[in-house]
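The values are calculated or read from the model by the stated rules, or taken from the named source; none is laboratory data. For clarity, every value in this text was computed on a predicted model and none was experimentally measured. Glycine gets a Cβ as well: all are built from the backbone with ideal geometry, and neighbour counts include every protein chain shown. Heavy atoms of the whole protein, side chains included, go into the accessibility calculation; ligands, DNA and RNA do not. Shrake-Rupley method; radii C 1.70, N 1.55, O 1.52, S 1.80 Å.
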Amino acid sequence: MNNDRYNMSFTAGSLFHRESVSLAKLYLDCRDWNVVRDVVIADNLLQARTLNTLKRVCREVLSRIQTLSYDTLEFFVEGNSQEQGYLLWLAICRRYNFIADFAVEVLRERYISLKTDVTYDDFDSFFNRKSEWHCELDDLTQTTREKLRQILFKMLRQADLLAVNNTINAAMLSPRLLELILQGDRRDLLYFPVNESYLRRIAR
């Protein structure tokens, strides 16, 4: 069995686009994640109905955007909606190894193999393969498994990587966004449905 357990806590929500932009702006102003958390909770900046929901969403959003560098966060808050979606997808993949593996082994692999879509069956096959090496997946109920699948596909659609009919949308990375991603780990590019010829073209 794999000792590197998957964290499967992403049922807390989907892409959290608006919330992520708000918290990133706060961080750029104060450069202190603890201050960001305190302000969000004190002023209910996320307009949550209960304190528990507020804390849960704040914790989830912060755990994702903290994976992005300061320069990337600056680009994030100034970028267009599509660029922001891509960066949130990158942050989610950095946060959750299960989603990262799905992005590389299913989403990108199907794209470069000229498959046009990703289906629930693809997710189920991937999940079953991983459960052979990750016993924590066997502990999940069928209801939780279906919820995880639903949330993951929702994230992909909100990040503009999957159409409503589950057709794969090729990622249109701008040169500046590509440069920022490459400042980290080049393997991060594998989280996106892009091919090498496209990357070489925009990198010129």
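Here Ala103, Ala42, Ala91 are screened, and the one residue that is of a type in the set (A, V, I, L, M, F, W, C), open to solvent by 40 Å² or more (accessible area, probe 1.4 Å) and either at positive phi or not in a loop (DSSP other than H, G, I, E, B) (or both) is Ala42.
Against the definition (open to solvent by 50 Å² or more (accessible area, probe 1.4 Å), among the basic types (Lys, Arg), within 15 Å of the chain's Cα centre (by Cα) and closer than 26 Å to Asn80 by Cβ), how does Arg157 come out, yes or no?
Yes: the conditions hold for Arg157.
Do we have Leu73 as touching a residue at least 40 places away in the same chain (Cβ under 8 Å) and either part of a helix (DSSP H, G or I) or surrounded by 15 or more Cβ atoms within 10 Å (Cβ to Cβ) (or both) here? So Leu73 fits the description; yes.
Among the residues making up segment 110-125, those that are assigned to a helix (DSSP H, G or I) and loosely packed, with under 15 Cβ neighbours inside 10 Å are Ile112, Tyr120, Asp121, Asp124, Ser125. Considering (1) farther than 18 Å from Leu178 by Cβ; (2) in contact with a helix residue (DSSP H, G or I) (Cβ under 6 Å, 6 or more places away or on another chain); (3) assigned to a helix (DSSP H, G or I); (4) open to solvent by less than 70 Å² (accessible area, probe 1.4 Å), the lone condition that Ser22 does not fulfil carries the number (2). Considered as a group, the residues in segment 76-88 that are among the small types (Gly, Ala, Ser) and in a helix (DSSP H, G or I) include one that is surrounded by the most Cβ atoms within 10 Å (Cβ to Cβ), and that residue is Gly85. Filtering Glu146, Glu179, Glu196 for residues that are open to solvent by 30 Å² or more (accessible area, probe 1.4 Å) and either modelled with pLDDT of 95 or more or touching a Ser or Thr at 6+ places or on another chain (Cβ under 9 Å) (or both) leaves a single hit, Glu146. For segment 114-130, a residue qualifies if it is modelled with pLDDT under 95 and of a type in the set (Ser, Thr, Tyr), and exactly one does: Thr116.
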